[in-house]
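Structure first, then comments.
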Amino acid sequence: LAFLGLALLSLIGGALYLPSNYDGLAYRVSRVMHWLDAGHWHWIPTEFERINTRGVGWEWAAAPLILFSQGLKATFLISYLSFLLLPGVIYSTFVRLGVRRRVAWYWMWLLPCAYCLLLQAASIGNEFPGALLAIAAVNYALRAQQSRRPSDLWLSLVCIALMTGTKASNLPLMLPWAVAVLPV
């Protein structure tokens, strides 16, 4: 119930207030606006190097939201949906790591409510999708170890690729994934 309450408060906050994340407004949103105005992806001539050198995963998800809603209000949904999906992915990963189901059940609700994560649940920051994809990549790698199905390995690879495309500083999160995927 506490998670539900926090999720509801995050939804209300995201719906009422416009985004104010510096990184998002400084280069992510402006990059999407340039692309939508031009009708295609292009290099943007500017002195601000972040416009052309950052991962574009968040932008690809935000472009349809900005286009169809004609504003920035709906862009918080990227982080918010990641926030809602995080408990299930945490539970599945913990159980595959050998944590007892009852203990995993408690932690699946506590970890997404960590201060740094909860504050970004309704923002346009790109940390939440990266966190979700990192845990999902490890989850699918552990699932591939158990099932020996190539589809689980491919899903793990897709998750890790999307995670690194979201933000370059997510690269260290590939280390736990590598440990989980090497036995496969």
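The values are calculated or read from the model by the stated rules, or taken from the named source; none is laboratory data. These figures come from a predicted structure and were not determined experimentally. Heads up, the Cβs are rebuilt from the backbone with ideal geometry, glycines too, and the neighbour counts pull from every protein chain shown. The accessibility values were calculated without ligands, DNA or RNA, using every heavy atom of the protein model including side chains. Shrake-Rupley method; radii C 1.70, N 1.55, O 1.52, S 1.80 Å.
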ask   = For the chain, with only Lys/Arg (+1) and Asp/Glu (-1) charged at the beta-carbon, what is the dipole magnitude about the Cα centre, in debye rounded to 20?
value = 760 debye
task = Considering only protein heavy atoms, with the full assembly of protein chains and a 1.4 angstrom probe, order Glu47, Glu59 by accessible area, largest first.
result = Glu47, Glu59
message = In the chain, if the dipole is taken from +1 on Lys/Arg beta carbons and -1 on Asp/Glu beta carbons about the Cα centre, which of Gly88, Phe68, Val158 is farthest to the positive end?
response = Gly88
task = Work out the length of the dipole vector of the stretch 1-110 about its Cα centre, built from +1 on the beta-carbon of each Lys and Arg and -1 on the beta-carbon of each Asp and Glu, and round it to the nearest 20 debye.
result = 660 debye
request  = Identify the residues of the stretch 84-114 with backbone N under 18 Å of a label point that sits 7 angstrom from the Cα of Leu182 along the Cα-to-Cβ direction, or state none.
outcome  = 97
note = For the stretch 1-112, the per residue accessible area (1.4 Å probe, Å²) is 61 Å²
Ranked packing of 103-110, 92-99, 163-170, most packed first, by mean Cβ within 10 Å = 163-170, 92-99, 103-110
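Mind checking the dipole of the stretch 47-133: about its Cα centre, +1 per Lys or Arg Cβ, -1 per Asp or Glu Cβ, Debye to the nearest 20?
Values: 7 positive and 4 negative charges, 116 e Å.
Roughly 560 debye, rounded to the nearest 20.
On full extension of the chain, what length is gained from Gln70 through Gln146, given 0.36 nm per residue of separation minus the C-alpha to C-alpha distance?
Values: separation 76, 0.36 × 76 = 27.36 nm, distance 4.54 nm.
Extending this stretch completely gives an extra 22.8 nm.
Can you work out the accessible area per residue across the stretch 132-184, with the rest of the protein chains kept in place, probe 1.4 Å, in square angstrom?
Working: 2830 Å² over 53 residues.
Per residue, the stretch 132-184 has an accessible area of 53 Å².
Between Cys116 and Ile44, 0.36 nm times their residue separation minus their Cα-Cα distance comes to what? It would help to have the intermediate numbers written out before the result.
Working: separation 72, 0.36 × 72 = 25.92 nm, distance 3.19 nm.
Taking Cys116 through Ile44 to full extension adds about 22.7 nm, to one decimal.
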note = Across all Cα atoms of the stretch 112-172, Rg and the largest Cα-Cα distance (Dmax), in Å, are 13.0, 38
